[in-house]
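Worksheet: the structure to be examined is printed underneath.
Every read-out reported here was derived from the displayed coordinates using simple, explicitly stated rules and does not represent laboratory data. Everything numeric in this text was worked out from a predicted model, so none of it was measured. Don't worry about glycine lacking a Cβ; one is built from the backbone with ideal geometry, like all the others, and counts go over all protein chains shown.
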Amino acid sequence: MLSPVFEAFVEASPISVMMRGLMEHIFNSERMNQIFKTYSERQYEQELLFSTLVDLMSLVVCGMYPSVHAAYQKKAVEVSVSTTALYNKLQRVELSVSRALVHETASELIELLQGLNVERPSPLSKQYQQRIVDGSCLAGTERRLAALRPHAAKPLPGKAIAILDPEMKLLLDVIPCEDGHAQERSLFAQILAQVQPQQVWIADRNFCTAGLLSSIMQQSAFFVIRQHGGSGYKPLCELHPVGLCETGTVFEQQIEIVYEGRTERLRRILVKLNRPTRDQEWEIAILTNLPPADANGILVAELYQGRWSVETLFQTVTQNFHGEIETLAYPKAALFSYCMALSVYNLLATLKAVLGSVHGIDKIDAGLSDFYLVDDIHSIYRGMMIAIPPVHWQCFEDFNLNQMVNVLQHLATKVHLKSFRKHPRSPKKKRPPLTVDGKHPHCSTARKLKLYKATQDAIP
């Protein structure tokens, strides 16, 4: 199916070919321009098409080029507009378009994943669909704008609330917000618009309000949300133990909350931890309306613990991909870059699912490192794009669903998983206090090693 020109790279770095092929298929020009036409409200296209902007930014967020300007210089002939026009376009990309880029491409990837027939075991029965929701505040930018230069405070370009499907490992939607100081609660209406019956929404305590909990219940959906310290409730019985989970001992009780005259009956799950959290808390309380027959207290605690998968997503986007670009100070530009990185993360998740369909999904989820996968793509990409002209990548754009699945699975058989294994660190040992000698700010490493060896040899 692929041209012979791909052979060398298929053998040396099939991961890079898979990633570029997915980008070509999902970010194809026709689809990107259609997204812009459908979701743009005021912005319009002239010489610089939205598809060109997506192509340029995908190279930046994937780390192929260190900055927007570096990518522009490399593609100056193809882009054919000035840098001023490029940055003007970036700073005006509407939030509706950035958001659509994420959920529209996610819809395409869901179809592809369904063609793989890969299923991860779910702790809940198939009648429930899990959704993990969490907010992320974009990192501070440089003070490039005139309005920012007089202020010492780090400028925040915005924030975003991500909605993750933990079974598919795909980010389904994102709610971007230009105000970096906005409360997540101000965006609850947009979250509730996504709630469907039989879904289970899992979130941290910032999302624990009587209004949100009651509204989810009114839509015949469910939640597993950590209790906020200020949340009022009426206990209907005493806490009683239900068993042990990985992190501690689990207790449960029935409670009531009241919102706008409606009384809702919930379950309160309390986990007494074996080790404190980073905030030195020894207990975590979780509220849920899941039926006990479908989810006992231990399972509810485990569902909440799975919420950390969205934190891993944010870490990958900010560290392995360049989702937060310091030089993009305008909120719309920064949020577009971030949404672009979230879409690329979905491509990486799909790539891992393809590997799972060939090598076993448990092996991929447990042992494959995002860092090494992305590093391999970084190191190969530029040379690959020189050796394989764009015309040869056109085939990925033209592939139908079955052809795309077959090609990706064929490439996955060429991947040597040992090159991408995780190497988790052992637990950190407590270090003794450092010896401080004001008269000797430096020391000889060789002498210290010799002294240390002599000390160790003297120990019987």
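Once the other residues with Cβ under 13 Å from the Cβ of Ser136 are scored (Lys, Arg +1; Asp, Glu -1), what is the net sum?
Details: positive: Lys159; negative: Asp134, Glu184, Asp204, Glu311, Glu324.
Summing Lys and Arg as +1 and Asp and Glu as -1 gives -4.
So which helices of the chain fit the span-like rule, where a helix is a whole DSSP H run, its Cα atoms reach 24 Å or more along the axis, and its mean Kyte-Doolittle is at least 0.0? Could you put the intermediate results ahead of the total?
Details: long enough: 95-116 (32 Å, 0.64); 331-359 (41 Å, 1.01); 370-387 (25 Å, 0.44).
Qualifying helices, which must be both long enough and hydrophobic enough, are 95-116, 331-359, 370-387.
Show me the chymotrypsin sites (Phe, Trp or Tyr not before Pro) within the stretch 61-131 that DSSP assigns to loop and that have at most 12 other Cβ atoms within 10 Å of their Cβ.
On the way: sites: Tyr72, Tyr87, Tyr128; in loops: Tyr128.
When the chymotrypsin sites (Phe, Trp or Tyr not before Pro) of the stretch 61-131 are filtered for loop state and at most 12 Cβ neighbours within 10 Å, nothing remains.
Among the listed pairs Lys89/Lys159; Lys430/Lys450; Lys352/Lys429; Lys75/Lys352; Lys428/Lys453; Lys430/Lys453, which are separated by more than 27 Å between their Cα atoms? It would help to have the intermediate numbers written out before the result.
Details: Lys89/Lys159 20 Å; Lys430/Lys450 24 Å; Lys352/Lys429 33 Å; Lys75/Lys352 30 Å; Lys428/Lys453 23 Å; Lys430/Lys453 21 Å.
As for pairs spanning more than 27 Å Cα to Cα, those are Lys352/Lys429; Lys75/Lys352.
I'd like the GluC sites (Glu not before Pro) in the stretch 201-288 restricted to DSSP loop residues with at most 12 other Cβ atoms within 10 Å, sorted by number.
Values: sites: Glu238, Glu246, Glu252, Glu256, Glu260, Glu264, Glu281, Glu283; in loops: Glu238, Glu246, Glu260, Glu281.
Listed in order of number, the matching sites are Glu238, Glu246, Glu260, Glu281.
Ranked highest first by average number of other Cβ atoms within 10 Å, how do 426-432, 322-328 line up?
Details: 426-432: 5.4, 322-328: 21.1.
Top of the packing list down: 322-328, 426-432.
When only DSSP loop residues count, what GluC sites (Glu not before Pro) in the stretch 1-98 have their Cβ near at most 14 other Cβ atoms within 10 Å?
Here the sparse-neighbourhood loop sites are Glu41, Glu47.
Give me the net charge of Thr455's neighbourhood, meaning all other residues with Cβ under 15 Å from the Cβ of Thr455; Lys, Arg count +1, Asp, Glu -1.
Values: positive: Arg447, Lys448, Lys450, Lys453; negative: Asp457.
Here the count lands on +3.
Summing -39500 (n - 2.57) over the DSSP H runs of n ≥ 4 in the chain and dividing by its residue number, what mean residue ellipticity at 222 nm do you reach, to the nearest 500 deg cm²/dmol?
Values: 18 runs with 203 residues, N = 460.
The helix contribution divided over the chain gives -13500 deg cm²/dmol.
For the stretch 220-293, what is Rg from Cα atoms divided by 2.2 N^0.38 Å, rounded to two decimals?
1.15
Which value results for Rg/Rh of the chain when Rg is the Cα radius of gyration and Rh the Kirkwood radius based on the inverse mean 1/r?
Working: Rg = 25.3 Å, Rh = 24.8 Å.
That ratio is 1.02, to two decimals.
With both bridge residues required to lie in the chain, what share of the DSSP beta bridges run antiparallel, to the nearest 5%? Don't jump to the answer; show the numbers that get you there.
On the way: 41 of 49 bridges.
Counting DSSP beta bridges with both partners in the chain, the antiparallel share is about 85 percent.
Could you work out the per residue convex hull volume over the alpha carbons of the stretch 1-92, in cubic angstrom? Walk me through the intermediate numbers first.
On the way: hull volume 11.1 nm³, N = 92.
Spelled out: Cα convex hull of the stretch 1-92, divided by residues, is 121 Å³.
Using alpha carbon centroids, what distance separates the stretch 33-95 and the stretch 162-187, in Å?
Result: 23 Å between the Cα centres.
For the stretch 220-293, give the magnitude of the charge dipole about the Cα centre (Cβ charges: +1 Lys/Arg, -1 Asp/Glu; no others), in debye to the nearest 20. Walk me through the intermediate numbers first.
Details: 9 positive and 9 negative charges, 10 e Å.
Dipole about the Cα centre, nearest 20: 40 debye.
On a straight-distance basis, which lysines could pair with Lys154 in a cross-link, Cα separation under 19 angstrom, same-chain partners fewer than 8 positions away excluded?
Within the straight-line limit of under 19 Å, Lys154 reaches these lysines: Lys332.
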